[in-house]
Every structure is written in C-alpha cells, then in structure tokens.
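Asks: Before we start, here is the structure in question, set down as structure tokens.
The values are calculated or read from the model by the stated rules, or taken from the named source; none is laboratory data. The structure presented is a predicted model; accordingly, all values stated were derived computationally and were not measured. We place every Cβ from the backbone using ideal geometry, glycine too, and count neighbours over all the protein chains shown.
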Amino acid sequence: MAETICLPEVRCETSAGLTGDVITVGVRDIDGRDQFIHVLPSMVNWAEETAYLPVGVIELDHRKRRVLIEPPIEADSGVNRMWMPVDSFRIESGVPA
C-alpha cells in the first residue's frame, strides 16, 4: 500500500523582489491572510510549475487539519510563525509503505 507524505514545503506565489538579488514569495495562512517574505531565488523549490517555500514544522494539529510553521525569514508583517492548512503543503504520493 502506498502512503502519502507531506514535505515541509508550502505552496507560494512568487514575484519580483525589492532588489535584483531577491524575490518576494507570498503564502496564505489558515485565516486567509497573505504573508510576504523576501528570499533568494534558490530558496524556492519548483514542482510541476508550482513554487514551494521550505519551512520549519513546529506543531501538527490533526484535528483541525493545520500545521504551525516557521518560515525561513520573518514576513513583512512581522509574523515569524503561522498556521497553515494541511493542503498547502507539497505532497509526495505513491511512496511504498
């Protein structure tokens, strides 16, 4: 039986950064608020034309289907931890159990 694995990466939108050295990524938290983070382009992973930002996983809330994450850099809003819906994580499926 195959199992599904959520990788510690959240789906994000990318845009030009404040300087030519960085890009801006936007992630949407559990409450629908967009958080913007400035990172090096090499920090974003791509899978099938979708951008993912690697994050630290702090806590899992299985009952509410959410994950407390810590982005690699504090968001413009000052947020350094946020709850993300489980479905915003990159999925690796078909891994043999």
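Asks: Which of the residues belonging to the stretch 45-63 are farther than 22 Å from Ser15 by Cβ and either more than 11 Å from the chain's Cα centre (by Cα) or loosely packed, with under 11 Cβ neighbours inside 10 Å (or both)?
Replies: Selection gives Ile58, Glu59, Leu60, Asp61, His62, Arg63.
Asks: So which pairs qualify, if the first residue must be in the stretch 40-64 and at negative phi, the second must be of a type outside the set (Gly, Ala, Ser) and surrounded by fewer than 10 Cβ atoms within 10 Å (Cβ to Cβ), the Cβ gap must be under 8 Å, and the two must be at least 6 apart or on different chains?
Replies: These pairs meet every condition: Leu40/Asp21; Tyr52/Trp46.
Asks: Right, another one. Go through (1) crowded, with 16+ Cβ neighbours inside 10 Å; (2) without any contact (Cβ under 8 Å) to a residue 24 or more places away in the chain and name the single condition Gly32 misses.
Replies: Just one mismatch for Gly32, condition (1).
Asks: While we're here: If you go through the stretch 64-87, how many residues are within 12 Å of Leu53 (Cβ to Cβ) and surrounded by fewer than 17 Cβ atoms within 10 Å (Cβ to Cβ)?
Replies: Looking only at that region, the number is 3.
Asks: Further question: If you scan the stretch 62-86, which residues turn out to be over 11 Å from Asp29 (Cβ atoms), touching a strand residue (DSSP E or B) at 6+ places or on another chain (Cβ under 7 Å) and part of a loop (DSSP other than H, G, I, E, B)?
Replies: Arg65, Pro72, Ile73, Asp76, Asn80
Asks: I need a count of the residues in the stretch 1-14 that are at pLDDT 95 or above and of a type outside the set (A, V, I, L, M).
Replies: 6
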